[in-house]
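Trainee: Following this message is one structure expressed as structure tokens.
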Amino acid sequence: MADLEDFLQQSGWGGAKRKPLAGDASSRRYSRLYRGDEVAILMEDPNPSALKSYLAVTNILIERGYSVPEIYERDETAGFLIIEDFGEALFARLLEKGEDERALYELAVSYLLDLRQHPSPTTLKYFSGNYVLDQNAMFLDWYVPFLTGKSLDDNARRFFQQIWQDLMDNFEREDDVLLHRDFHAENLFFLPEREGLRRLGLIDFQDAMVGPPAYDLVSLLQDARRDVSSPLAETMIQTYIEQSEEEESTFRRRYAILGAHRNMRILGIFTRLKEQDGKQRYEAFKPRVIAHLNGCLAHPDLMALRNWVRVTLGELM
């Protein structure tokens with residue numbers, strides 16, 4: 001705490017009022033700082049590598065002309081940043097108040113399409129088949145035992161990973177892009193005073209990687225925290241396919257595979273947060289995630305995975 005007070009004093013925010021903000025599933029903490037008429041966000045991150053990644057991705061996005069919070073003050077060693085406050089215009093809050101859903105999602109999809117115009121960064125981790133296999137452990141080690149009351153046997157685990165190995169071996173890669181990985185309504189702001197794609201404010205991108213463009217579209221439309229209307233989701237997928245000039249059946253296959261991976265991983269994470277960290281609020285999101293997962297498993301090329309779920313788990317709930 002002394003280090004934080006010293007940082008605030010040295011940065012000129014020592015006398016500022018502090019209001020804690022709701023955090024995410026990580027160990028980061030956020031507070032809003034008030035200094036007269038000035039407002040900023042204090043970010044505390046005890047993980048030096050995560051903070052380093054946040055700063056690196058910030059620089060990449062700034063170089064590309066996108067809107068990310070300006071960094072006012074920093075102490076990388078202690079894990080403190082004071083950054084620009086985008087205010088209350090978070091997509092999720094605007095949508096709760098009845099804002100035009102289609103307009104906001106069109107802006108987000110336009111941004112994802114624009115990302116394709118830039119070369120993929122060379123300094124970020126790569127979304128590889130091995131990464132997918134490693135991340136599968138979250139589902140196998142947390143959600144499966146939660147559902148069945150016992151650990152998964154070795155044969156079922158090997159079969160599951162072999163199914164995924166086959167899916168990734170036959171995953172037709174498109175040109176890779178920067179992946180936010182958590183590109184959804186709780187991490188996007190609408191900044192109407194800015195122009196073009198700069199009207200989209202971006203946060204929570206420290207886990208960015210390089211990988212297939214369809215992943216962030218899945219993240220946006222298969223949102224764990226809110227329902228995106230089915231007609232809108234389909235319109236956005238079709239818009240993305242047409243404007244990117246992707247071959248439709250190939251793209252939808254990628255979309256289903258990445259969606260299955262993401263939703264399985266999320267089920268594992270939400271279960272771990274409840275069982276290990278006592279964070280109960282994520283339980284309420286599970287039915288939505290399961291519905292997304294079942295939708296992905298309906299794709300004919302995911303039949304083997306769908307059968308594994310049916311035989312091993314019976315049902316996902």
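Trainee: Just the residues that are of a type in the set (S, T, N, Q) and within 16 Å of Arg272 (Cβ to Cβ), please, taken from the range 149-189.
Mentor: Ser151
Trainee: Take the residues of the range 209-236 that are touching a Leu at 6+ places or on another chain (Cβ under 7 Å) and hydrophobic (A, V, I, L, M, F, W, C): which is nearest to Cys296 (Cα to Cα)?
Mentor: Only one residue tops the list, namely Val218.
Trainee: Scan the range 191-235 for residues that are assigned to a helix (DSSP H, G or I) and either surrounded by fewer than 20 Cβ atoms within 10 Å (Cβ to Cβ) or touching an Asp or Glu at 6+ places or on another chain (Cβ under 6 Å) (or both) and jot them down.
Mentor: Gly196, Leu197, Arg198, Arg199, Ser230, Pro231, Leu232, Ala233, Glu234, Thr235 - these are the residues of the range 191-235 that are assigned to a helix (DSSP H, G or I) and either surrounded by fewer than 20 Cβ atoms within 10 Å (Cβ to Cβ) or touching an Asp or Glu at 6+ places or on another chain (Cβ under 6 Å) (or both).
Trainee: Which condition from (1) among the basic types (Lys, Arg); (2) surrounded by 14 or more Cβ atoms within 10 Å (Cβ to Cβ); (3) assigned by TED's automatic domain parsing to the domain that holds Met209 is the one that Arg28 breaks?
Mentor: The failed condition is (3).
Trainee: While we're looking at this one, here's another question. Mind checking which pairs have a first residue in the range 258-274 that is assigned to a helix (DSSP H, G or I) and a second that is among the basic types (Lys, Arg) and modelled with pLDDT under 95, Cβ under 7 Å, 6 or more apart or different chains?
Mentor: Partner pairs satisfying both residue conditions: Leu273/Lys279.
Trainee: Among the residues of the range 287-302, count how many are touching a residue at least 24 places away in the same chain (Cβ under 8 Å) and surrounded by 13 or more Cβ atoms within 10 Å (Cβ to Cβ).
Mentor: Matching residues across the range 287-302 total 11.
Trainee: Being in contact with a helix residue (DSSP H, G or I) (Cβ under 6 Å, 6 or more places away or on another chain) and acidic (Asp, Glu) is the filter here, so list the residues in the range 146-180 that pass it.
Mentor: Listed by number, the list holds a single entry, Glu172.
Trainee: If you go through the range 127-145 one residue at a time, do you hit one that is touching a helix residue (DSSP H, G or I) at 6+ places or on another chain (Cβ under 7 Å), surrounded by fewer than 15 Cβ atoms within 10 Å (Cβ to Cβ) and either assigned by TED's automatic domain parsing to the domain that holds Glu63 or of a type in the set (Val, Ile, Thr) (or both)?
Mentor: no
Trainee: Starting from the range 182-194, take each residue that is within 15 Å of Val68 (Cβ to Cβ) and list its partners that are buried (at least 21 other Cβ atoms within 10 Å of the Cβ) and of a type in the set (D, E, K, R), counting only C-beta distances under 8 angstrom and pairs at least six apart or across chains.
Mentor: Going by the 8 Å Cβ cut-off, the qualifying pairs are Phe183/Asp216.
Trainee: Moving on to the next point. For Val311, all conditions in the list (1) within 22 Å of Asp153 (Cα to Cα); (2) among the aliphatic types (A, V, I, L, M); (3) surrounded by 13 or more Cβ atoms within 10 Å (Cβ to Cβ) hold save one; what is the number of the exception?
Mentor: (3)
Trainee: From the residues in the range 259-285 that are of a type in the set (Gly, Ala, Ser) and more than 13 Å from the chain's Cα centre (by Cα), which one is surrounded by the most Cβ atoms within 10 Å (Cβ to Cβ)?
Mentor: Checking each candidate, the answer is Ala260.
Trainee: If you don't mind, another one. Given the range 1-113, what helices (runs of 4 or more DSSP H) lie entirely inside it while holding 1 or more residues that are modelled with pLDDT of 95 or more and touching a helix residue (DSSP H, G or I) at 6+ places or on another chain (Cβ under 6 Å)?
Mentor: 91-96
The values are calculated or read from the model by the stated rules, or taken from the named source; none is laboratory data. From a predicted model like this one, the values you see are computed outputs, not experimental measurements. Here Cβ is always computed from backbone atoms with ideal geometry, including for glycine, and neighbour counts include all displayed protein chains.
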